[in-house]
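A quick write-up on the structure given underneath.
The values are calculated or read from the model by the stated rules, or taken from the named source; none is laboratory data. Values in this document were obtained by computation on a predicted structure and should not be read as measured data. Backbone-built Cβ (ideal geometry, glycine too); neighbour counts: all protein chains shown. Please note that ligands, DNA and RNA were not included when accessible areas were found on the heavy atoms of the full protein model with its side chains. Shrake-Rupley method; radii C 1.70, N 1.55, O 1.52, S 1.80 Å.
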Amino acid sequence: MNLTKLESQIKKTLKEIKLKKSDKILVALSGGKDSTTVAYTLHKFGYKIQGFHIDLKIGKYSEDCLKSIKQLCEDLKIKLYVYDMKKEMGAGMCYLRSGIQSCGKGTLKNCAICGVLKKSIMNKQARRLKVKYIATGHNLDDEAQTFLMNIMKGSPNLSANSGSITKNVSDKKFVPRIKPLFDVLENDIREYTKKLKLPVVYTQCPCALDSYRIQVRKFLNTLEEKDKQNILKYFNKVFPRLQTLKDSKLKYCESCGEPSRGKTCKKCKLLGLVK
Ligand code: SF4
Ligand SMILES: [Zn+2]
């Protein structure tokens, strides 16, 4: 893999989603290789970006992530906003998660809970900062995993919400997401960040151990590279058709007023359990 191949793949995606240099973009930084690559490349290509990080307060792992992110933003000379989970929500992710799981939602995996809370915080803060898009680090492997997971759950049409840009959802309270790495393989991103010696935390989040996604990833890793490519090719083929099934209607949560598909948003449903 050469560095320019990855950069060309990203440029192609940015062209497809018609991203303008004047668009204000908030990059969701986790400290990992993917979101670091998003910030680094968008900045290199001349886009107007700011960094945003949710400090989940998961011990040393979170401290290392924050340190890497601060280094990156300093190197790129971009503004960084940090949301402190303990300060803003009264508890770190581990406490919230165990509270939710012990209150009857024990079947919910760590990442499912974390994902819901993070998405909700991110949308609210991005709206407050008046950005046009939130850029996330989802890569091609992530999308293929999600696709397989949705098939295994018996709901393949849930993948309609994937894509390099949020489509068909236009709501003043909802900030659209873009995924600049939508066409890039995970291994290529790892190689890219290592070659450039970018400040990245390569260790896995300690809370991710029981994640369903990790089980699917392990399964995918038992396959030959050729079989993996075939799944990805198939995903790309059916994806445009799935997009037409997408439900674009948003309501507002009766409890917090944030955009929601149901009467009460997922975040309020979860947090209601630990109150
Ligand atoms: S790996 Fe899972 S628990 Fe850890 S930060 Fe990511 S979503 Fe949250
Ligand atoms: Zn709500």
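Being open to solvent by 20 Å² or more (accessible area, probe 1.4 Å) and assigned to a helix (DSSP H, G or I) holds for only one residue in THR146, THR193, and it is THR146. With respect to THR203, is the statement that it is farther than 23 Å from HIS53 by Cα and more than 15 Å from the chain's Cα centre (by Cα) true? For THR203, the condition - farther than 23 Å from HIS53 by Cα and more than 15 Å from the chain's Cα centre (by Cα) - is not met.
Among the residues making up region 90-107, those that are open to solvent by 20 Å² or more (accessible area, probe 1.4 Å) and touching a residue at least 24 places away in the same chain (Cβ under 8 Å) are CYS94, ARG97, CYS103, GLY104, LYS105.
Inspect region 101-116 for any residue being in contact with a strand residue (DSSP E or B) (Cβ under 6 Å, 6 or more places away or on another chain) and more than 13 Å from ligand 1 (Cβ to nearest atom) and give the result as yes or no. Spell out how you get there, then give the answer.
So in region 101-116, the residues in contact with a strand residue (DSSP E or B) (Cβ under 6 Å, 6 or more places away or on another chain) come out as none.
Within region 101-116, none of the residues are in contact with a strand residue (DSSP E or B) (Cβ under 6 Å, 6 or more places away or on another chain) and more than 13 Å from ligand 1 (Cβ to nearest atom).
Taken over region 41-68, residues that are modelled with pLDDT of 95 or more, crowded, with 18+ Cβ neighbours inside 10 Å and in contact with an Asp or Glu (Cβ under 9 Å, 6 or more places away or on another chain) amount to 7. Take THR107 and decide whether it is over 17 Å from LYS266 (Cα atoms) and among the β-branched types (Val, Ile, Thr). Against the criterion (over 17 Å from LYS266 (Cα atoms) and among the β-branched types (Val, Ile, Thr)), THR107 does not qualify.
Would you point out the residue of region 149-174, among those that are within 26 Å of ASN221 (Cβ to Cβ) and under 14 Å from the mean Cα position of the chain (by Cα), that is most open to solvent (accessible area, probe 1.4 Å)? Checked region 149-174; the qualifying residue most open to solvent (accessible area, probe 1.4 Å) is ASN161. Does ASP75 satisfy being open to solvent by 30 Å² or more (accessible area, probe 1.4 Å) and touching a Pro at 6+ places or on another chain (Cβ under 8 Å)? Yes: the conditions hold for ASP75.
Filter region 149-190 down to residues that are in contact with a strand residue (DSSP E or B) (Cβ under 7 Å, 6 or more places away or on another chain) and in a loop (DSSP other than H, G, I, E, B) and give me whichever is farthest from GLY32 (Cα to Cα).
Of all residues in region 149-190, those in contact with a strand residue (DSSP E or B) (Cβ under 7 Å, 6 or more places away or on another chain) come to 164-166, 171, 173-178, 180.
Restricting the remaining residues to those that are in a loop (DSSP other than H, G, I, E, B) gives 164, 166, 171, 173-176, 180.
Numbers: SER164: 19, THR166: 23, ASP171: 30, LYS173: 28, PHE174: 25, VAL175: 23, PRO176: 22, PRO180: 15 Å.
Per the stated criteria, the residue is ASP171.
Being within 17 Å of the chain's Cα centre (by Cα), under 15 Å from ILE178 (Cβ atoms) and among the acidic types (Asp, Glu) is the requirement here; does ASP23 meet it? So ASP23 fails the test. Just give me the residues in region 117-143 being outside any helix (DSSP H, G or I) and touching a helix residue (DSSP H, G or I) at 6+ places or on another chain (Cβ under 6 Å), in sequence order. Of everything in region 117-143, those that are outside any helix (DSSP H, G or I) and touching a helix residue (DSSP H, G or I) at 6+ places or on another chain (Cβ under 6 Å) turn out to be ILE134, ALA135, GLY137, ASN139.
No other residue among TYR133, TYR192 is more than 15 Å from the chain's Cα centre (by Cα), over 16 Å from LEU242 (Cα atoms) and among the aromatic types (Phe, Trp, Tyr) apart from TYR192. For the structure I just gave you, tell me whether LYS33 is more than 16 Å from VAL175 (Cβ to Cβ) and open to solvent by 30 Å² or more (accessible area, probe 1.4 Å). It is false that LYS33 is more than 16 Å from VAL175 (Cβ to Cβ) and open to solvent by 30 Å² or more (accessible area, probe 1.4 Å).
Sort through GLN215, GLN204 and tell me the only one that's open to solvent by 20 Å² or more (accessible area, probe 1.4 Å) and in a helix (DSSP H, G or I).
Numbers: GLN204 fails: in a helix (DSSP H, G or I).
Result: GLN215 is the single residue among GLN215, GLN204 that is open to solvent by 20 Å² or more (accessible area, probe 1.4 Å) and in a helix (DSSP H, G or I).
GLY115 passes every criterion in (1) away from ligand 2 (no atom under 16 Å from the Cβ); (2) surrounded by fewer than 19 Cβ atoms within 10 Å (Cβ to Cβ); (3) under 19 Å from CYS265 (Cβ atoms); (4) within 16 Å of the chain's Cα centre (by Cα) apart from (1).
Which count do you get for residues in region 86-102 that are assigned to a loop (DSSP other than H, G, I, E, B) and among the acidic types (Asp, Glu)?
If we filter region 86-102 for residues that are assigned to a loop (DSSP other than H, G, I, E, B), which is where we start, we get 90-92.
Those left that are additionally among the acidic types (Asp, Glu): none.
Residues meeting the conditions: 0.
Restricting attention to region 18-30, the residues that are surrounded by 20 or more Cβ atoms within 10 Å (Cβ to Cβ) and more than 17 Å from VAL200 (Cβ to Cβ) add up to 3.
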